[in-house]
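Peer 1: Got a structure for you, questions after.
The values are calculated or read from the model by the stated rules, or taken from the named source; none is laboratory data. These figures come from a predicted structure and were not determined experimentally. Note: ideal-geometry Cβ built from the backbone for every residue, glycine included; neighbour counts use all protein chains shown.
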Amino acid sequence: MPVTIDYFLTCVSPWAYLGHEAAREIAARRGATLVPRPLNLAEMFKVSGQVGLADRAAVRQRYRFIELQRYAELRGKTLNLKPKHFPTNPALADHTICAILADGGDPMDYMGHVFAAVWAQEKDIAEEETLSPLLAHSGFDPAAVLERAQTPEIAAMRARNTEDAIARDATGVPSFVLNGEPFWGQDRLDMLDRALASGRRPFSSDV
């Protein structure tokens, strides 16, 4: 039976950027399929006990910079620690991914370009002018995708993803859910890889 992994994310996350290609490599090597599911991180934070970056203790904000540098080095990624357009509203970018998926397309390459636009290229992914050439570069019709991305249907799709992530105890992004077991963070990709390799039963909080 084909193995699928729900991949919960938002386009503005540096951790999604840093882990995206690594997650793709693991899935390909293990014969699994990643199913991207953009969500509303602010809604997730309301129930996860987390707070937005600006509201975190100073020591946690400082440590975040260290961790970002560590993982950028590990993954071989260019990373601006304080990008020009962060924070920014990721809703439109997230919705373009949903729109591509709703029409049966594969947004994985496009997602990588969107992540890099924020964290390596100093671009604002809240703007259509940023997303349009990225869509074209990835082989999509920018006008069609952007139009679809701004429909109630697509907004509802992202809202359902958020509800599903919360229901599965995926408490941050990126989160990967395999057989009901959540793996929160790109720093848990080695654990996801191990679970895929072993085929073990999913671990549960019901103990």
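Peer 1: Looking at (1) surrounded by fewer than 18 Cβ atoms within 10 Å (Cβ to Cβ); (2) under 19 Å from ARG37 (Cα atoms); (3) touching a Phe, Trp or Tyr at 6+ places or on another chain (Cβ under 9 Å), which is the one condition that is false for LEU192?
Peer 2: LEU192 satisfies every listed condition except (1).
To keep it simple, each residue is scored yes or no on (1) basic (Lys, Arg); (2) closer than 25 Å to GLY185 by Cα.
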site: GLU127; (1), (2): no, no
site: PRO133; (1), (2): no, no
site: ALA144; (1), (2): no, no
site: ARG148; (1), (2): yes, no
site: GLU153; (1), (2): no, no
site: ARG158; (1), (2): yes, yes
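Peer 1: Answer with yes or no whether TYR63 is in contact with a Leu (Cβ under 6 Å, 6 or more places away or on another chain), outside any loop (DSSP other than H, G, I, E, B) and over 19 Å from ILE125 (Cβ atoms). Steps first, please.
Peer 2: Details: in contact with a Leu (Cβ under 6 Å, 6 or more places away or on another chain): no; outside any loop (DSSP other than H, G, I, E, B): yes; over 19 Å from ILE125 (Cβ atoms): yes.
No, not satisfied.
Peer 1: What helices (runs of 4 or more DSSP H) lie completely within region 103-168 and have 3 or more residues being of a type in the set (Asp, Glu) and farther than 16 Å from SER13 by Cα?
Peer 2: On the way: elements: 108-119, 128-137, 142-149, 152-167.
Qualifying helices (runs of 4 or more DSSP H): 152-167.
Peer 1: Filter region 127-138 down to the residues that are out of contact with any Asp or Glu (no Cβ under 8 Å at 6 or more places or on another chain) and either without any contact (Cβ under 8 Å) to a residue 24 or more places away in the chain or more than 14 Å from ALA116 (Cα to Cα) (or both) and list them by number.
Peer 2: So in region 127-138, the residues out of contact with any Asp or Glu (no Cβ under 8 Å at 6 or more places or on another chain) come out as 127-129, 131-134, 136-137.
Correct list: GLU127, GLU128, GLU129, SER132, PRO133, ALA136.
Peer 1: Same structure, new question: Tell me, which residue of region 156-171 that is in contact with a helix residue (DSSP H, G or I) (Cβ under 7 Å, 6 or more places away or on another chain) and modelled with pLDDT of 95 or more is farthest from MET111 (Cα to Cα)? Walk me through how you get there before you give the answer.
Peer 2: Taking region 156-171 and keeping what is in contact with a helix residue (DSSP H, G or I) (Cβ under 7 Å, 6 or more places away or on another chain), we get 157-158, 162, 165-166, 171.
Now narrow it down to the ones that are modelled with pLDDT of 95 or more: 157-158, 162, 165-166.
Working: MET157: 17, ARG158: 15, THR162: 18, ALA165: 19, ILE166: 22 Å.
The extreme case among them is ILE166.
Peer 1: Still on this structure, I have one more. Got a number for residues in region 171-181 being small (Gly, Ala, Ser) and either more than 16 Å from the chain's Cα centre (by Cα) or surrounded by fewer than 24 Cβ atoms within 10 Å (Cβ to Cβ) (or both)?
Peer 2: From region 171-181, those small (Gly, Ala, Ser) are 172, 175, 180; that's our starting set.
Filter once more, so that each one left must be either more than 16 Å from the chain's Cα centre (by Cα) or surrounded by fewer than 24 Cβ atoms within 10 Å (Cβ to Cβ) (or both): 172, 180.
Summing the residues that are small (Gly, Ala, Ser) and either more than 16 Å from the chain's Cα centre (by Cα) or surrounded by fewer than 24 Cβ atoms within 10 Å (Cβ to Cβ) (or both) in region 171-181 gives 2.
Peer 1: Moving to a separate point now. Please enumerate the residues belonging to region 7-42 that are touching a Phe, Trp or Tyr at 6+ places or on another chain (Cβ under 7 Å) and in a strand (DSSP E or B).
Peer 2: Matches in region 7-42: TYR7, LEU34, VAL35, PRO36, ARG37.
Peer 1: Show the residue pairs that are 6+ apart or on different chains and have beta-carbon atoms under 8 Å apart, the first residue being within region 56-75 and within 18 Å of HIS20 (Cβ to Cβ), the second being polar (S, T, N, Q) and assigned to a helix (DSSP H, G or I).
Peer 2: TYR71/GLN186
Peer 1: Among the numbered criteria (1) within 26 Å of LEU135 (Cβ to Cβ); (2) assigned to a helix (DSSP H, G or I), which single criterion is violated by PHE45?
Peer 2: For PHE45, the failing item is (1).
Peer 1: Does ALA28 satisfy being exposed (fewer than 14 other Cβ atoms within 10 Å of the Cβ) and within 16 Å of ILE166 (Cβ to Cβ)?
Peer 2: Details: exposed (fewer than 14 other Cβ atoms within 10 Å of the Cβ): yes; within 16 Å of ILE166 (Cβ to Cβ): no.
Spelling it out, it is not the case that ALA28 is exposed (fewer than 14 other Cβ atoms within 10 Å of the Cβ) and within 16 Å of ILE166 (Cβ to Cβ).
Peer 1: So how many residues does region 54-80 have that are surrounded by 13 or more Cβ atoms within 10 Å (Cβ to Cβ) and not acidic (Asp, Glu)?
Peer 2: Quick first cut of region 54-80, residues surrounded by 13 or more Cβ atoms within 10 Å (Cβ to Cβ) only: 56, 64, 67-68, 71-72, 75, 77, 79-80.
Checking which are not acidic (Asp, Glu) leaves us with 56, 64, 68, 71-72, 75, 77, 79-80.
Of the residues in that region, 9 qualify.
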